[in-house]
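Notes to accompany the following structure.
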Amino acid sequence: MTAIDSLLAALSTGEARVIDLTAPLSPQTPILQLPPPFANTIPLSLEKVSDFDDDGPFWGWNNIHLGEHTGTHLDAPTHWATGRHGTAVDQIPPARLIGPAVVLDFSAEVAANPDFLLEPEHFEAHVAAAGPLPAGAWLLFRTGWSRFNQDAAAFLNADDRGPHTPGVSPAGAKWLAGSPITGFGVETVGIDAGQAGGMEPSFPAHNSLLGADKYGLTQLQNLDQLPPAGALVVASPLPIVGGTGSPARALAIVPA
Ligand code: MN
């Protein structure tokens with residue numbers, strides 16, 4: 001019996017389950033809103049090619065319009081100035097898209113403070129309790145924020161000082177960039193905090209992680225269905241040649 005046979009048997013008996021970490025992708029799916037003078041990406045829209053009509057009597061299909069960074073998506077290193085000469089989304093080694101999940105639950109802290117930031121001490125406390133982060137891990141930041149992901153105003157949570165959503169401090173981002181993880185996954189619209197534009201450096205998670213050949217994974221949901229450790233993440237961005245990211249299906253396989 002091979003390892004694949006064992007996994008398939010576990011999936012068929014319910015000893016392992018597949019959890020969809022992907023937010024539904026529709027024209028209403030919230031997208032990042034940058035202030036002027038910056039340009040913004042587009043939400044999803046569908047353009048009918050045929051719908052069982054004169055344009056195609058036996059088939060329905062659409063053209064899709066969306067950004068590389070629309071909805072649940074993967075950030076490739078080339079998305080950021082620090083990684084712009086690095087790996088584009090089509091160049092990511094496929095084995096790096098699959099890895100162990102490490103879930104850090106800060107949903108209580110974020111409920112009390114939407115601007116909550118992960119600091120090195122949070123990661124160090126996890127390592128002291130659970131051991132080193134495994135090589136190739138997807139570190140998933142559970143915040144409970146996905147409960148807003150079909151309500152753009154609540155999801156972006158902006159006031160006159162900008163958006164208020166959780167993230168990573170500059171020191172926390174540097175700590176992660178020096179760790180053996182493959183990527184950092186969040187429930188929010190991007191891998192940085194809402195207030196990250198005013199940090200030094202600006203957008204420290206993008207700056208440090210993408211500059212260290214690590215990836216981001218955004219707008220995840222169902223992280224509350226994952227154990228702190230022991231699940232497997234499969235991230236599946238499209239291999240857009242030269243792309244800076246891609247909408248992705250993100251799945252987890254969890255033991256019963
Ligand atoms: Mn992005």
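In this entry, Phe148 passes the filter for residues that are out of contact with any strand residue (DSSP E or B) (no Cβ under 9 Å at 6 or more places or on another chain), more than 16 Å from the ligand (Cβ to nearest atom) and not small (Gly, Ala, Ser). Criterion applied to Ser236, Ser202 was being within 16 Å of the ligand (Cβ to nearest atom) and not in a loop (DSSP other than H, G, I, E, B), and the one residue passing it is Ser236. Whether any residue in the stretch 118-138 is of a type outside the set (Lys, Arg) and within 17 Å of Val189 (Cα to Cα) is what I want to check. Yes: one or more hits. Answer yes or no as to whether Ile19 is away from the ligand (no atom under 16 Å from the Cβ), farther than 22 Å from Ser208 by Cα and surrounded by 17 or more Cβ atoms within 10 Å (Cβ to Cβ). So Ile19 passes the test.
Restricted to the stretch 64-90, and to residues there that are hydroxyl-bearing (Ser, Thr, Tyr) and open to solvent by less than 40 Å² (accessible area, probe 1.4 Å), the residue that is nearest to Pro27 (Cα to Cα) is Thr70.
Can you find a residue in the stretch 100-110 that is within 14 Å of the ligand (Cβ to nearest atom) and in contact with a Leu (Cβ under 8 Å, 6 or more places away or on another chain)? Taking every residue of the stretch 100-110 in turn, none turns out to be within 14 Å of the ligand (Cβ to nearest atom) and in contact with a Leu (Cβ under 8 Å, 6 or more places away or on another chain).
Residues are listed down the side, and each one gets a yes or a no for (1) open to solvent by less than 10 Å² (accessible area, probe 1.4 Å); (2) touching a His at 6+ places or on another chain (Cβ under 9 Å):
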{"position": "Asp160", "(1), (2)": "no, no"}
{"position": "Pro163", "(1), (2)": "no, no"}
{"position": "Glu187", "(1), (2)": "yes, no"}
{"position": "Gly197", "(1), (2)": "no, no"}
{"position": "Glu200", "(1), (2)": "no, no"}
{"position": "Ala205", "(1), (2)": "yes, no"}
{"position": "Ala212", "(1), (2)": "no, no"}
{"position": "Leu217", "(1), (2)": "yes, yes"}
{"position": "Leu220", "(1), (2)": "yes, no"}
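Scan the stretch 45-63 and tell me whether some residue there is part of a loop (DSSP other than H, G, I, E, B), under 30 Å from Phe155 (Cα atoms) and either open to solvent by 30 Å² or more (accessible area, probe 1.4 Å) or among the hydrophobic types (A, V, I, L, M, F, W, C) (or both). No, the stretch 45-63 contains no residue that is part of a loop (DSSP other than H, G, I, E, B), under 30 Å from Phe155 (Cα atoms) and either open to solvent by 30 Å² or more (accessible area, probe 1.4 Å) or among the hydrophobic types (A, V, I, L, M, F, W, C) (or both).
How many residues are in contact (Cβ under 8 Å) with a residue 60 or more places away in the chain, among the hydrophobic types (A, V, I, L, M, F, W, C) and under 16 Å from Gly67 (Cβ atoms) when one looks only at the stretch 10-34? Residues that pass the stated criteria total 4.
Among the residues of the stretch 174-185, write down those that are open to solvent by 50 Å² or more (accessible area, probe 1.4 Å) and assigned to a loop (DSSP other than H, G, I, E, B). Of everything in the stretch 174-185, those that are open to solvent by 50 Å² or more (accessible area, probe 1.4 Å) and assigned to a loop (DSSP other than H, G, I, E, B) turn out to be Gly178, Pro180. Take the residues of the stretch 205-233 that are part of a strand (DSSP E or B) and within 15 Å of the ligand (Cβ to nearest atom): which is farthest from the chain's Cα centre (by Cα)? Residue satisfying both the conditions and the ranking: Tyr215. Filtering the stretch 128-148 to residues that are polar (S, T, N, Q) and open to solvent by 10 Å² or more (accessible area, probe 1.4 Å) leaves only Ser146.
For the structure I just gave you, tell me whether Ile64 is more than 14 Å from Leu210 (Cα to Cα), within 14 Å of the ligand (Cβ to nearest atom) and over 15 Å from the mean Cα position of the chain (by Cα). Taking the combined requirement at face value, the residue does not satisfy it.
The values are calculated or read from the model by the stated rules, or taken from the named source; none is laboratory data. Not measured: the values here are computed from a predicted model. Here Cβ is always computed from backbone atoms with ideal geometry, including for glycine, and neighbour counts include all displayed protein chains. For accessibility, only protein heavy atoms count, side chains too; no ligands or nucleic acids. Shrake-Rupley method; radii C 1.70, N 1.55, O 1.52, S 1.80 Å.
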